[in-house]
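For reference, the structure is listed below as structure tokens.
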Amino acid sequence: MLIYAINRILQIIPVIFILSVLVFGFVHALPGDVIDTLTATDGEEDPEVRAALEEEFGLNKPIYVQYFIWVGSALQGDFGKSLVTRRPVNIELIERIPATVYLALVGIGLSILIAVPLGTLAAVRRNTLTDYSAQISSLAGISIPEFWFAILCILLFALHLGWLPSSGYAPLFEEPGKSVLYLILPALAVGFRQAAFTTRLTRSSMLDEISKDYVDTARSLGLSERKVIYKYTLRNAMIPTITISGLQLAGLLGGTVVLETIFSWPGIGLAIYSAIQLRDFPVIQAGVLVLGIMVVIINLLVDLLYRVLNPRVGLG
Amino acid sequence: MSKLKISNSFGQQTRREFLATTSAGMAAAAGAAATASMPGAALAAKKKGGTLRFSTRADARGLDPQRNVIYYVSHPLAATSGGLLDIDENMDIVPAIGEEWTVSDDMKTYTFKIRKGVTFHNGADVDAPAIKWNYDRVRDPKTSHSFHRSFFKLVKEITAVDKHTLRIELESPSAVFLASVTYYPVNLIAPNSVGQVDTHPIGCGPFKFVSWKRYAKTEMVRFENFWQTDAAGNSLPYLDAIEGYPKKEDKVRLTALRTGEVDLIENMSYADAANFKKTQTANYNTWDIPQVGAGYLAVQSKKGPFAMDAADGKLMRQALSHAIDKEAIHQAIFNGLSESLNGFFSSSSTWHMPDIKNVKEYDPEKSKAILRKLNAMNTPVAVVARQAYAYMHQTGEIVYSMLEEAGFKVTNEVFDNPVLRKKYKKADYGVDSTANSYRFEPDQWYSVNVLSTGPSTKLRTGYKNEAADKLIVAARQTRDKQVRMEMYTDVESMVNDDCALIYTHGIPLTSAATKKLKDYKPAFAGPFNISNGGVRVAYMDG
Amino acid sequence: MSDQQLQSRQRVDTISPDDTPFAIRMRRIRVVSRNAFDELLKSRTATIGAIMMIMLLLTCILTPVLATHPPTKPNYRVRLQPASAEHYFGTDKFGRDIYSRVLWGGQRIVLISIAAVALGLALGIPLGVFAGFFGGRFDSISMRFVDGLIAFPGLLLYLLIITVAREWKLEGFWNDLILIFALGVNTMPEITRLTRGTSMVEAKKEYVEAAHVVGESSLYIALREILPNIVSPLIVNATVRLGYIILIIAALSFLGLGTPPPTPDWGSDLNVAREHMESHPMLAVYPGLAICYSVLAFNLFGDGLRDILDPRIADR
């Protein structure tokens, strides 16, 4: 296991390297002139300004040199400064990443809270009304576009019922009460869709477990049905659920751009999206790379966790 | 929140100290309630104040107001803006920190008398040397935005004659230079704060900067030493604080107003505006802002079938113009709220010109006839527009169909700004559905977008009309407004005949606020920080 | 889907080498058919899904016949009309016939998603087979590349690819090709991993070595064994993926990154409809429901297929 873990950890180094090349390549392939975008409106172009800015942001160096300079300082935790706001990129990231992580974590938490009981119930009461309604609602959750659901939620809960704010954000540690209020609708929109996946998975892995030999053995030993299900099967059936929730969490980093737009949620996805439109390349590069590293690490943890929880899996 | 140094009113002092300990979110309500129960309540209760939560469409790109354009309509930070001169609700230039000015007879020397006792937010004096420092910084390409710098193109020398006298000498005569020293476009910052300008700017506007989270929240508090006072001598502004919440989506902003998360919004979506005004008069005030800017079609006339030097270029452009049904745009895009334009200025502007000629009426048959005559049916036209503004690309969408109907072979594309600029440079488009924000000095429109040497003209249309050029240059050196109006009327008539720019609509918008916001009124083209108006005189009631 | 990989590896241990998994699976399907109760439920899902999907595809094929108006022709005199005999679903803000727009939009979105999945398969299968079969350096390089793509967070890969490609002067279908490319590239990793897992297993089999001895091309032999083996998981995966891709296309158009207007497009039509959400809610209902329907159709069909083809479930 230890060897496997070390192996896996070593594997993420080339992955991050490839990611850094990919994002750097994409960013520098973005059409349009960075300096022109930055400086021009009605004004005329000024070669002197261009030269000064190219010097300041290192754009006058050969592209591969730019890459190594970027990687070099990124390794020291310095992503340079934003072309647009001229603040250190780290400030932009630190302002934005927590909002996205907050939304993603609570969304996934909500999804597990909904999905595990629902999926278990559906499996235990297979082919009953409960099962059918769980299945139908999870199918709906998978099929309804997230942004459509979000808009409908705003119409209902914010506008017609007036229970919740329609948009905005407050940091959790500064204004906890307000923060939670603002979070409810976006988290619901995230949670609903993810819960749909997780419910289906939980149901099918529960069914899987229930049909296994040990369940019959346990039953024949006289253990109560409740105990069998909740003590043994559920625990085993949780393994894929935890795995998939971890992968979902990784997917939500940078995957909530549309919801961030609808809810004016100042997340990193939205920041990168607007940086793309403004060609603020230091922010795009750093944002994608940091999110990507987070994704890689989450995937790694999920993989290791899966193996720890499920010792039957051979170590490859 | 910093405490007041001196206050002209005792009641205000108590109140502000109280507020300093109250969280910003509940300041308005709690503040009013608490003062009522305090000693001297009768005096204090009359005091105007409160916290205004304001939602805008856009946010500044960065904090340095000389390197970034702080747009005076949609950027919350514009509440912190201060300049040598101000604009009022009619968008006319009025005295501010520059109390008085004289213009030499040759219109090459402008001398400003600087108001005494005006300070920046950090207490530093706003005096002639400080203003000179600012203007020199704006003229330096390394430290300023080209948009700002373009306003000082004619400047030869800036001199601080003494602490309260500033002299600006120009290379060539200009009757329009005053528009270059208003707070928009040229904002002042404290010279001794230049090191923190990207993180915590120090200006001299009515509100002080507190914090900025881009696209989320801008916090500003009342500048206690702002120079302006109301008629009774009370210092302005009244509001204790402004919180700006940029929300890009029109729908989101309106919902936030209706659910009580903000008190004031700008740029209500066109679809909602009519209905909202009808049904919500009991709870909300609305302000129609008739012209934030003008929408127009820029025809690429540098090369190809519509080029200035193509044999039938003008006729071909006229064929385009006859195909445009302004009424359809008016209905479909602006829900009947806009105004058809034949020139840049709508009827709400003091620069509106009623006598513009050569307007090409909507008549697709005429377009077809021209195309047939020139054997130019199915001439390809690429309609392009900017992604960031829905009304631009939706107008493009409708123009696409109109041109198709008239017999052109049309494509429609929506680009983000960098790509669009690249297309301009390569003259790789046909018709750009676009708009410009309102210019209170007409020269800023004509010299930039119509004059053949104007930067925008060169970039986009390549329009060239020598007679118009002469008029524009002459108008720039003419003091009499009436005479200038006539000159510009002639220019617009030429523009309409040449059809390199096809004016379509005044871009309207609607602002709305809860009834708790008192005495608020934006300028007719949208700015909310205006002399003796807007957020300077508004206050929250309860 | 390392999960799936693990499963296939596990499964192989329990079967004798001369019994290919495909044969076993076929046998199991036959067993399943005899299990009347299960079969009923399973085929019900599959049947409903199949019917919905066939209806969807038929509608797409017959769009030119079914549509009543040209989808891009505006007429502001009849804008925002309610449903009528002339306009079955009413008209939008430009006075265009919504019914015709929904139909044409559907044809486009379904075509794009099918093409994208096909591209994903075309890229993913060969890469997976080669990586799995040959192993070694080729395997580790290509898998790290695939991992790098997976680490690209959320929607950001699409945003970057589309923004890069926006500049090219592309019209109509060619513009859709960008979308197809972006979505196809993002479909690839999953397919590659799925294929690779199976190929790795096959490569170690005795018959491959035997083929070596006889002098036959081992790859040829392997392909004959590998491909049938991965067909069913791939079909299931691809079908579900179709629904997922429809959602992504809708989300991208919602952000303004789809095909430029006035091309009918469910996502951007939804976005425009949002302006009129309160006064004309039906504007958002039609494209929204159309998205739900298509995603649901593919999901149900995929579910049904999985039930029938997946031996793990068939065991029960």
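Is it true that A:T39 is buried (at least 18 other Cβ atoms within 10 Å of the Cβ), without any contact (Cβ under 8 Å) to a residue 60 or more places away in the chain, of a type in the set (S, T, N, Q) and within 14 Å of chain B (Cβ to nearest Cβ)? Spelling it out, A:T39 is indeed buried (at least 18 other Cβ atoms within 10 Å of the Cβ), without any contact (Cβ under 8 Å) to a residue 60 or more places away in the chain, of a type in the set (S, T, N, Q) and within 14 Å of chain B (Cβ to nearest Cβ). Each residue in the stretch A:271-316 was checked for being within 13 Å of chain B (Cβ to nearest Cβ) and either modelled with pLDDT under 90 or surrounded by fewer than 17 Cβ atoms within 10 Å (Cβ to Cβ) (or both), and 3 of them qualify. The C-beta contact set for the stretch C:271-300 (first residue within 14 Å of chain B (Cβ to nearest Cβ) and surrounded by fewer than 22 Cβ atoms within 10 Å (Cβ to Cβ), second residue in a loop (DSSP other than H, G, I, E, B) and not acidic (D, E), distance under 6 angstrom, 6+ apart or interchain) comprises C:H280/C:L80.
To keep it simple, each residue is scored yes or no on (1) at pLDDT 90 or above; (2) aromatic (F, W, Y); (3) not in a loop (DSSP other than H, G, I, E, B).
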{"position": "B:V262", "(1), (2), (3)": "yes, no, no"}
{"position": "B:D272", "(1), (2), (3)": "no, no, yes"}
{"position": "B:F306", "(1), (2), (3)": "yes, yes, no"}
{"position": "B:L320", "(1), (2), (3)": "yes, no, yes"}
{"position": "B:G343", "(1), (2), (3)": "yes, no, no"}
{"position": "B:S346", "(1), (2), (3)": "yes, no, no"}
{"position": "B:M353", "(1), (2), (3)": "yes, no, no"}
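The one condition from (1) hydroxyl-bearing (S, T, Y); (2) away from every other protein chain (no Cβ under 12 Å); (3) surrounded by fewer than 20 Cβ atoms within 10 Å (Cβ to Cβ) that B:T279 does not meet is (2).
Report yes if A:T243 is part of a helix (DSSP H, G or I), of a type in the set (V, I, T), buried (at least 24 other Cβ atoms within 10 Å of the Cβ) and touching a residue at least 12 places away in the same chain (Cβ under 8 Å), otherwise no.
no
Cβ separations smaller than 7 Å between residues 6+ apart or across chains give the following pairs from the stretch A:215-235 residues that are of a type in the set (G, A, S) to residues that are assigned to a helix (DSSP H, G or I): A:A218/A:V228; A:A218/A:Y232. Output the residue which, of all residues in the stretch C:150-172 that are at pLDDT below 85 and under 19 Å from the mean Cα position of the chain (by Cα), is nearest to C:I112 (Cα to Cα). Selected residue: C:G154. C:R193 satisfies every condition listed in (1) under 18 Å from C:G128 (Cα atoms); (2) within 14 Å of another protein chain (Cβ to nearest Cβ); (3) buried (at least 20 other Cβ atoms within 10 Å of the Cβ); (4) at pLDDT below 80 except (4). On the basis of being out of contact with any strand residue (DSSP E or B) (no Cβ under 6 Å at 6 or more places or on another chain), among the aromatic types (F, W, Y), in a loop (DSSP other than H, G, I, E, B) and touching a residue at least 24 places away in the same chain (Cβ under 8 Å), does B:Y362 make the cut? It is true that B:Y362 is out of contact with any strand residue (DSSP E or B) (no Cβ under 6 Å at 6 or more places or on another chain), among the aromatic types (F, W, Y), in a loop (DSSP other than H, G, I, E, B) and touching a residue at least 24 places away in the same chain (Cβ under 8 Å). For the stretch B:419-436, the condition holds for no residue, the condition being that it is under 26 Å from the mean Cα position of the chain (by Cα), aromatic (F, W, Y) and not in a helix (DSSP H, G or I). Look at (1) more than 14 Å from chain B (Cβ to nearest Cβ); (2) within 30 Å of A:L249 (Cα to Cα); (3) part of a helix (DSSP H, G or I) and you find that A:D78 fails only one, number (3). Among the candidates C:G106, C:G148, C:G154, C:G120, the residue that is outside any helix (DSSP H, G or I) and touching a helix residue (DSSP H, G or I) at 6+ places or on another chain (Cβ under 9 Å) is uniquely C:G154. Check whether at least one residue in the stretch A:114-134 is closer than 30 Å to C:G49 by Cα, of a type in the set (A, V, I, L, M, F, W, C), out of contact with any Phe, Trp or Tyr (no Cβ under 8 Å at 6 or more places or on another chain) and free of Cβ contacts under 8 Å to residues at least 60 places away in the same chain, and report yes or no. Yes, the conditions are met somewhere in the stretch A:114-134. Between A:S138, A:S143, which is in contact (Cβ under 8 Å) with a residue 12 or more places away in the chain, surrounded by 19 or more Cβ atoms within 10 Å (Cβ to Cβ) and among the polar types (S, T, N, Q)? Matching residue, one of A:S138, A:S143: A:S138. Considering B:A376, B:A427, B:A369, B:A388, the condition of being surrounded by fewer than 20 Cβ atoms within 10 Å (Cβ to Cβ) and within 8 Å of another protein chain (Cβ to nearest Cβ) is satisfied by B:A388 alone.
Pairs are defined by a Cβ separation below 7 Å, a sequence spacing of at least 6 or placement on different chains, a first member in the stretch A:44-68 that is more than 14 Å from chain B (Cβ to nearest Cβ), and a second member that is in a helix (DSSP H, G or I) and surrounded by fewer than 16 Cβ atoms within 10 Å (Cβ to Cβ); the pairs so defined are A:G58/A:I69; A:N60/A:E54; A:I63/A:H28.
Screening C:R79 with (1) within 14 Å of chain B (Cβ to nearest Cβ); (2) touching a residue at least 24 places away in the same chain (Cβ under 8 Å) gives one miss only, at (2). If you check A:K61, A:K81 for being under 21 Å from A:G287 (Cβ atoms) and basic (K, R), only one passes: A:K81.
Residue-wise test of (1) assigned to a helix (DSSP H, G or I); (2) away from chain B (no Cβ under 13 Å); (3) at negative phi.
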| site | (1), (2), (3) |
| --- | --- |
| A:A123 | yes, yes, yes |
| A:N127 | no, yes, no |
| A:Q135 | yes, yes, yes |
| A:L155 | yes, no, yes |
| A:A158 | yes, no, yes |
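Does A:A237 satisfy the condition of being away from chain C (no Cβ under 12 Å), of a type in the set (A, V, I, L, M), farther than 30 Å from C:I162 by Cα and surrounded by 23 or more Cβ atoms within 10 Å (Cβ to Cβ)?
Values: away from chain C (no Cβ under 12 Å): yes; of a type in the set (A, V, I, L, M): yes; farther than 30 Å from C:I162 by Cα: yes; surrounded by 23 or more Cβ atoms within 10 Å (Cβ to Cβ): yes.
Taking the combined requirement at face value, the residue satisfies it.
The values are calculated or read from the model by the stated rules, or taken from the named source; none is laboratory data. Worth saying up front: this structure is predicted, and the values here are computed from it rather than measured. Backbone-built Cβ (ideal geometry, glycine too); neighbour counts: all protein chains shown.
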